[in-house]
1. Only Cα pairs within less than 10 Å get springs; with that Gaussian network setup on the chain, which residue of 202, 59, 24 has the largest fluctuation?
2. Which loop GluC sites (Glu not before Pro) in the stretch 216-303, with loop taken from DSSP, have no more than 15 other Cβ atoms within 10 angstrom of their Cβ?
3. Mind putting together the pair-distance distribution for the chain? All Cα pairs, 20 Å bins, whole percent per bin, short to long.
4. Checking the cross-link filter: which aspartates and glutamates have an alpha carbon closer than 20 Å to that of residue 120, excluding same-chain neighbours under 8 positions apart?
5. Would you work out which of 83, 249, 171 lies farthest towards the positive end of the dipole of the stretch 57-299? Charges go on Cβ: Lys and Arg +1, Asp and Glu -1.
6. Would you calculate a helix-derived [θ] at 222 nm for the chain, using -39,500 (n - 2.57) for each DSSP H run of n ≥ 4 and dividing by the full residue count, to the nearest 500?
7. For a Förster distance of 41 Å, can you work out the FRET efficiency between the beta-carbons of residue 15 and residue 68, rounded to the nearest 0.05?
8. Over the stretch 1-160, what number does the Rg to Rh ratio reach, with both radii from the alpha-carbon atoms and Rh per Kirkwood?
Amino acid sequence: MDLRNIFLRHVAQTSPAPLLTQIVKARGMYLHTADGQQILDLISGIGVSALGHCHPAIVHAVQSQAEKYLHTMVYGEFVLSPQVQLAKKLVDLLPSSLDSVYFVNSGAEAVEGALKLAKKITGRYEIVACRNAYHGSTHGAMSLMSSEIYTGPFRPLLPMVRFIDYNEPVQLDTITDQTAAVIMETVQAESGIHPPENNYLVKVQNRCKETGSLFILDEIQCAYGRTGHFFAFEKYDVVPDILLLAKGMGGGMPIGAFVSSQENMSKLANSPALGHITTFGGHPVNCAAALATLEVIDSEKLIKGLPTKIDLFRQHLPHPYIQEIREGGLWFALDLGDAQLLQRVVREAADEGLLIDWFLFNDHSLRVAPPLIISPDEIIKACKILHHILDRC
Ligand SMILES: Cc1ncc(COP(=O)(O)O)c(C=O)c1O
């Protein structure tokens, strides 16, 4: 059996139609396949490879930490330099109320930790979430998903989750003094990129303050420069009580975090102690990679360079078959208005060496979310290939 068949036979599948591209190497903006194709990556492994693939600084950080020590002890007991340095560097970038970092393994685990923390702080258990948001696939995170198609077969989920529509301030009175927390993405991603409008997040934060509910912002997909700011909330004049990070954080290695005040976080260490336990959370190799990611974003001035790149996409993306372009930064949803057309475009793009896809809750908009390192020439090349395919389809 060749690798593809062994994959299909023995690696658990998540869909009936996986892409089946066999990757042998990945560098910078490109994935290299077993049949010699170079694929220009316009989706960053869904928001992960902000620095492109195998950035030398990340590879070096991983290698040198691997030579010192790997896993030593369940998270939270030993003082491990990569963890400590990463926590310090992160809190130095954040407002003073976000000064304590709980490291976990993934986005969904960050969501789980945040929900537990909110319940422990408030003594309440009702959660308000937004329709068409995606926060992860574990039971707690999945309870925040409004789509019955995805959640139906896995019920019962968490009780007392109320849904509101994102960007609809009239619905904010659903948040009451029974609400432990309101959780939303700073920019809603999987509905097909919807940034907050008309001070929406400020209104949510104010309502949370009025009701004593915690304000959780999920920046698992939109932090680390994606919106043109390091943290997306910086753009919208709010500060969450709990901030969630993952994806781009590790520069390609698996790591996540929930961040809050030290006072809040202490609730997970007392009555009972070990309120959240994770064996591998904050793995030293992954923390070293995450630390290198912060250093590269800073030293290569990646965020400063984004407005020019965003402008270039704005100039070169429009096409008669694209009905609407929604923009969240170096992050676009190209609405084709037709799911079948989109599927054809994605397939033909892959054949032409361009990796794009759609959104979980929006099957007629193309996702464009390239690594932040994309060059002006690569932007123009990607738009040309896309237009060529759209003309043909
Ligand atoms: C906004 C958001 N939150 C949470 C998650 C879950 O992250 P993970 O897949 O690492 O569990 C995702 C993943 O796509 C996401 O986009």
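Any read-out appearing in this document is the output of simple, stated calculations on the displayed coordinates, not a laboratory observation. Please read these numbers as outputs of a predicted model, since none were measured by experiment. Positions of Cβ are generated from backbone atoms using ideal geometry, with glycine treated the same way; all protein chains shown enter the neighbour counts.
1. Of 202, 59, 24, the most mobile in the Gaussian network model is 24.
2. Passing both the DSSP loop test and the Cβ count: 300.
3. 27, 59, 14, 0
4. Candidates past the 8-residue exclusion: 99, 109, 112, 177, 210, 218, 241, 263.
5. Highest projection toward the positive end goes to 83.
6. -10000 deg cm²/dmol, from helical runs alone.
7. The computed FRET efficiency comes out at 0.55.
8. Working: Rg = 20.1 Å, Rh = 19.9 Å.
Radius of gyration relative to Kirkwood radius: 1.01.
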